[in-house]
Each structure stands twice: as C-alpha cells, then as structure tokens.
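Following: one structure in structure tokens, then a few remarks.
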Amino acid sequence: MTTDAEQELKDRLSLIENMIAEGRRTTSSWGWVFVLWGVAYYVAIAWSTWGLAGPIWSRNYYLAWPVTMIAASALTVFLAARKFGRQPPTTIGRAMSAIWVAMGISMFVLLLPLGISGKSEQQVLVAVIAAMLGSTNAASSMILKWMPQFACAIVWWLAAVASIFGSVTQSTVVFLVAIFLCQIVFGIYGMIFEAHLRKQRGGSHA
C-alpha cells in the first residue's frame, strides 16, 4: 500500500516537473515577442520624446504609446498565428498566455487614457509600467521556477523605484536599460534556450 502511494506521489511530482519544463519551453518559444515588444517600447519612447518623422508626428506625441502598443499587439497576433498555426495549447501554456494577455490589457487601459488626456507624468508613468512588467515576469517565473525571468522582474522593480526617486533624465535612462536587459537580452536568451531544447530533442530521437 505504501509502495503504491509512493509511486503515485512520484508520478505526480514527475508530471509537475514535466509541466514546468514544458512551460519553460513554451515561454522560450515566445522569446521573439520579448524582442519585438522591446523594440516597440523604444519606438514609443523615441516618438513621444523627440518625434520620428517631423512636425506632424511631434505634434501628436501623445498618441505614441497607444498607437505603438496597438500596432505591436496586432503584429504579435499575426506572427504568432503564422509561427504556431493550429498547435494545441498546453495547460501551462494557457496559464502563461493568460498572465501576459491580462498585463497587456491592463497596460492598454492605462496608456490609452493617459495618452489622450496628456496628464501623464513621465517618472510616474515609467514606474507604473515597470512595476506591472515586474509583477508579470515574477508571476511567470514563480510558476515556471525560472530564475532568469525572476531576475528580469527584479530589474523592472528596481527601475520602478529608481524612476520615482530619480530625475526625468535618469528615469528615461533606467527605463531604456531595463528594456534592453529584460526584453531584448532575455528575448534573445529565450530563443537560444529554445534552439538548444530543439537540438536536444532532435538528438534524443536520432
């Protein structure tokens, strides 16, 4: 009886470990999305700060974040549909998607009214965005037990605090650095991690 109970416990632990590993693989397969959104953040910052195409864009700087986020969302959906097609989602994959979609909706709900009203203060806005990204990365990393992503959460949280206490220039610099580390670098790391896993699976089936 005890042996059966121990075997059942081992099977459950093995299932959990496999789900976590699958979750990491799924998240790493979306590494390109981290890079895409990192570039989108840079575009929005450049547009809202200096303008990208002369006086017309400069006069409409308040649309920078809403328009850029909508465009990035549409491009993400389009590219994801082409990349993954009709692959059946896993349970943990759906959980990860739910976390990030909820964050995206929250960010859109925040940025659109702020952009239209023109009432946003840069340091506070950066702190709020960084805190939201920190929370999302932390939740994902805790589920997946993935320390590199939790490190990203810590960077975002530090950026949020630094933005509040720093000057406008310091807030911008901190945000740019956090984007580079937590979006561009982590996204590239995810793509390399996925390629490594694909190679391992290919070798095991050979």
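The values are calculated or read from the model by the stated rules, or taken from the named source; none is laboratory data. This is a predicted model, so every value here is computed, not measured. No Cβ is skipped: glycine too gets one built from the backbone with ideal geometry, and neighbour counts run over all protein chains shown.
Which residues, counting only those in the stretch 162-176, are aliphatic (A, V, I, L, M), at pLDDT 90 or above and closer than 15 Å to Thr49 by Cβ? Val173, Val174, Leu176 - these are the residues of the stretch 162-176 that are aliphatic (A, V, I, L, M), at pLDDT 90 or above and closer than 15 Å to Thr49 by Cβ.
Residues that are assigned to a helix (DSSP H, G or I) and free of Cβ contacts under 8 Å to residues at least 12 places away in the same chain are absent from the stretch 129-139 altogether.
For the stretch 161-176, a tally of residues being over 11 Å from Ala127 (Cα atoms) and of a type in the set (Ser, Thr, Tyr) returns 2. Restricted to the stretch 67-80, and to residues there that are under 28 Å from Glu121 (Cβ atoms) and in contact (Cβ under 8 Å) with a residue 24 or more places away in the chain, the residue that is surrounded by the most Cβ atoms within 10 Å (Cβ to Cβ) is Thr68.
Could we say that Ala64 is more than 22 Å from Ala153 (Cβ to Cβ) and either surrounded by 15 or more Cβ atoms within 10 Å (Cβ to Cβ) or modelled with pLDDT of 80 or more (or both) here? So Ala64 passes the test. The residue of the stretch 147-168 that is surrounded by the fewest Cβ atoms within 10 Å (Cβ to Cβ), among those that are over 14 Å from Gly187 (Cα atoms) and aromatic (Phe, Trp, Tyr), is Phe165. Suppose the filter is farther than 27 Å from Pro66 by Cα, buried (at least 18 other Cβ atoms within 10 Å of the Cβ), modelled with pLDDT under 90 and of a type outside the set (Asp, Glu); does Ile192 pass it? So Ile192 does not fit the description; no.
Checked against the criterion of being touching a Gly at 6+ places or on another chain (Cβ under 9 Å), of a type in the set (Val, Ile, Thr) and either modelled with pLDDT of 80 or more or part of a loop (DSSP other than H, G, I, E, B) (or both), the candidates Ile92, Ile143 yield just one match: Ile143.
Among the residues examined, Ile116 qualifies as more than 18 Å from Val35 (Cβ to Cβ), modelled with pLDDT under 95, aliphatic (A, V, I, L, M) and in contact with a Pro (Cβ under 8 Å, 6 or more places away or on another chain).
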